[in-house]
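Student: So that we are looking at the same thing, I have put the structure below in structure tokens.
The values are calculated or read from the model by the stated rules, or taken from the named source; none is laboratory data. Quick caveat, the model's predicted, so the values are computed rather than measured. Here Cβ is always computed from backbone atoms with ideal geometry, including for glycine, and neighbour counts include all displayed protein chains. Heads up: the accessible areas ignore ligands, DNA and RNA and are worked out on the full protein's heavy atoms, side chains in. Shrake-Rupley method; radii C 1.70, N 1.55, O 1.52, S 1.80 Å.
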Amino acid sequence: MKLSSLLIPFTALVASFSASAAAYTLPAYAACDENSLAIIQSPLFKDLVPSNIENGQIKLSGGTKNDMGQRWMFAKPVVVDGMTLTGFFAEDIDLMGTRIINWGFYAEQTPAELRAQLAKVNGPTMEAAGDTYAHAEIWSHSKSAWQLENAADNSGKLVIDTAERVFLIEPAPGDLPKTNKGMLNCSIQGKVNPAMLNTSRPDLASTAR
């Protein structure tokens, strides 16, 4: 009798802990830091985005390849932090001397809905530009660190000797089914070096060029 009376509170405690542990999954991803890609190793995505660990780093596999990189569309949407995710993408291209690295999720919600929902779970502060929202940082060579970028200071200027790290909420690509309305995107753009990659995508650090 005493054992039975303890089981319900203990089960409730475990359930509460599990919900708490999962509550900030997407804000952790949205930091776009060295732990960001680890979201695909979580139980929610492990079977949806194949990966393994090589030399201590995550290596993606499978997916559908396109000109930008790879994408993995989920057979069933996954709801995380109130956002309905339909797929994952990872891209790495060179465009006119600029390296662009993207990784993130497609979603059923619009960019505005995604931003509002992410704000409820302590997501990053973001600036709006039309139907796109951004949290931008720029790499400081002197401090070897990412620093918040002042959009006004850099308006109209090209980043030619450093790189930007931006968390974006934007419209989904037009080639996806219309149920996909928005996307969450961690992006590094510019003259990318190993130090930058070590703090954001350590799995790509050896590919700095």
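Student: Assuming Leu197 fulfils every condition listed in (1) open to solvent by 20 Å² or more (accessible area, probe 1.4 Å); (2) modelled with pLDDT of 95 or more; (3) under 18 Å from Thr98 (Cα atoms); (4) not polar (S, T, N, Q) apart from one, which condition is it?
Tutor: All conditions pass for Leu197, except number (1).
Student: Hey, another quick one. Quick test for you: out of Lys59, Lys46, pick the one residue that is in a strand (DSSP E or B) and surrounded by fewer than 14 Cβ atoms within 10 Å (Cβ to Cβ). Working first, answer last.
Tutor: Details: Lys46 fails: in a strand (DSSP E or B).
Answer to the check: Lys59.
Student: Of these, Ala129, Ala119, Ala90, which one is among the small types (Gly, Ala, Ser), within 16 Å of the chain's Cα centre (by Cα) and farther than 30 Å from Ala208 by Cα?
Tutor: Step by step, each of Ala129, Ala119, Ala90 is checked, and only Ala119 is among the small types (Gly, Ala, Ser), within 16 Å of the chain's Cα centre (by Cα) and farther than 30 Å from Ala208 by Cα.
Student: Here is a follow-up. Any residue in the range 106-134 that is within 16 Å of Ala172 (Cβ to Cβ) and open to solvent by 50 Å² or more (accessible area, probe 1.4 Å) sitting within a Cβ distance under 6 Å of a residue that is at pLDDT below 95 and part of a strand (DSSP E or B)? List the pairs, counting only those 6 or more apart or interchain.
Tutor: Every condition considered, no pair remains.
Student: Let me ask something additional. Looking for something at pLDDT 95 or above, open to solvent by 70 Å² or more (accessible area, probe 1.4 Å) and in contact with a Leu (Cβ under 9 Å, 6 or more places away or on another chain) - is there at least one such residue anywhere in the range 83-97?
Tutor: No, the conditions are met nowhere in the range 83-97.
Student: Of these, Ser144, Ser206, which one is at pLDDT below 95 and touching a helix residue (DSSP H, G or I) at 6+ places or on another chain (Cβ under 7 Å)?
Tutor: Sole residue among the options that is at pLDDT below 95 and touching a helix residue (DSSP H, G or I) at 6+ places or on another chain (Cβ under 7 Å): Ser144.
Student: Which pairs do you get when a residue that is over 14 Å from Gly69 (Cβ atoms) and open to solvent by less than 50 Å² (accessible area, probe 1.4 Å), found in the range 170-189, comes within reach of a residue that is of a type in the set (Ser, Thr, Tyr) and part of a strand (DSSP E or B), reach meaning Cβ atoms under 6 angstrom, with the pair 6+ apart or on two chains?
Tutor: Between residues of the range 170-189 that are over 14 Å from Gly69 (Cβ atoms) and open to solvent by less than 50 Å² (accessible area, probe 1.4 Å) and residues that are of a type in the set (Ser, Thr, Tyr) and part of a strand (DSSP E or B), the close pairs are Glu170/Thr132; Ala172/Tyr106; Asn180/Thr86; Asn180/Tyr106.
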